[in-house]
């Protein structure tokens, strides 16, 4: 989680954002519980449906 926060901080300095796409629901839950989703520069694109 600390690595995600550091990467998002570096990207923000360059005017960019980190887009987390297709993460498993458990990963999204951990990110939300730690508050990382509130940091500017981190965007979460909901979980992808399971592959059949």
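The values are calculated or read from the model by the stated rules, or taken from the named source; none is laboratory data. What you see is a predicted model, and the numbers here were worked out from it, not measured in a lab. Positions of Cβ are backbone-derived with ideal geometry, glycine not excepted, and every protein chain shown enters the neighbour counts.
From the list 50, 23, 5, the one residue that fits, being at pLDDT below 90 and out of contact with any helix residue (DSSP H, G or I) (no Cβ under 8 Å at 6 or more places or on another chain), is 50. Note on the range 5-21: residues that are surrounded by 13 or more Cβ atoms within 10 Å (Cβ to Cβ) and out of contact with any strand residue (DSSP E or B) (no Cβ under 7 Å at 6 or more places or on another chain) total 3.
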